[in-house]
Amino acid sequence: MNAVLLDTNDLGEAEAILSASYSKTHFRVASNLPTRTQVARSTLGPLAFDELRYNYVFGYESDPADGVVLCRVKSGSLLFQQPGGELEVCRPGMAAVVAACQGVPFSGEVHTGNLVAVLFDGSLLNAVAASASRHGAEEAVKLTAGMPMSSTVNDHMVKTIDHVMRDVATNPAAAQSPLVAGSVAQYLAASMLECFPNTALLEPTIEDRHDSTPVLLRRAISFIDDNAANDISLVDIAQAVYISPRALQYMFRKHRDCTPTEYLRRARLHHAHLDLVSGNRRDTTVGQVAARWGFGHLGRFAIAYRQQYGESAHQTLRR
């Protein structure tokens, strides 16, 4: 559910609230025209989504951001720059990461904008990047630029942000499910690593290929099956069988023709099926079951369920 974080014509108040929510920020406004600032916030697990509206043009200077700030411009424009870097311009239909280089201040301008900002801790990128060593130590993943690598990945990033805000963050049942929150956070972070230049190493190494054996696969599958009800990640599964996340991905691709997360999704779909078979319409709904097992978008759950079981989830529940 959305909560109004800020709705004011007072620049001082806007600076104070945004500084507390992001990093210390100073606004520069050249005119005496109205300066209304509106911010509505919704949260989903480790993610915070802010919809910001400014009816004025202003410059800003900000201290280094504490975490990742992913932006999607709906109207107007967002300009940002870090010391020594180029001035980047993000227009409607574009996504960008302001302050991509962590620990460095940034500045820029906003031109009468309607923006979406997604905030989360950078450790989420580390977990999703599957950059752990064979001994489980994770290497820090760094974004090296704030603009997407191509228009294609930009479009995917924008659609991902819109989908999560429209279909998940505002869905009370989905937003309260730890499995949905965990899955969405990982999906968003994975999309970012595909969209923005970064230091993550995602291809399997020779050592990773040596770790792809059927015995380890059975152990990984057993761990997934036993923990499908928990918020587990790719790194959690890899650590459970003492191999690197890259080796885990290679192993599933080689022997099961799917990714570990796809197998996890199938396991959760199976549990959802069992709940529907044993449930009754008086105290069970399809939406509740879907959310319980990490499916935040009911339409996608319905499609996956029919493909797997040859009937709708509602038909199963009505029996």
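Numbers for the structure displayed
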read-out	value
3J(HN,Hα) from dihedral phi, the range 53-59, Karplus parametrisation 6.51/-1.76/1.60, rounded to Hz, x for glycine, proline	10, 10, 9, 8, 9, 8, x
Euclidean distance between Cα centres, the range 4-22 to the range 241-319, Å	42 Å
Square roots of five times the Cα gyration tensor eigenvalues for the range 265-319, Å	15, 12, 10
Centre separation in Å (Cα based) which lies between the range 84-133 and the range 24-83	12 Å
Value of relative contact order over the chain, rounded to a whole percent, pairs C-alpha under 8 Å and six or more apart	15 percent
Cα-based shape type of the range 1-87, given that a ≥ b ≥ c are square roots of the gyration tensor eigenvalues and the cut on a/c is 1.5	oblate
Mean projection area, nm², convex hull over Cα of the chain	18.0 nm²
Descending Cα extents along the principal axes, the range 1-145, whole Å	59, 39, 27
Cα gyration tensor shape for the range 67-182, rounded if a/c is under 1.5, else prolate or oblate	oblate
Gyration tensor (alpha-carbon) shape descriptor, the range 148-295, a/c threshold 1.5	oblate
Helix axis angle, 178-195 relative to the chain longest principal axis, alpha carbon, degrees	60 degrees
When the range 235-275 is reduced to its Cα atoms, the Kirkwood hydrodynamic radius in Å	10.8 Å
Computed helical MRE - 222 nm, the chain, DSSP H runs ≥ 4 contributing -39500 (n - 2.57), nearest 500	-12500 deg cm²/dmol
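Readers should treat all values here as calculations from the given coordinates under stated rules, not as data from a laboratory. Just so it is clear, the model here is predicted, and its values are computed rather than measured.
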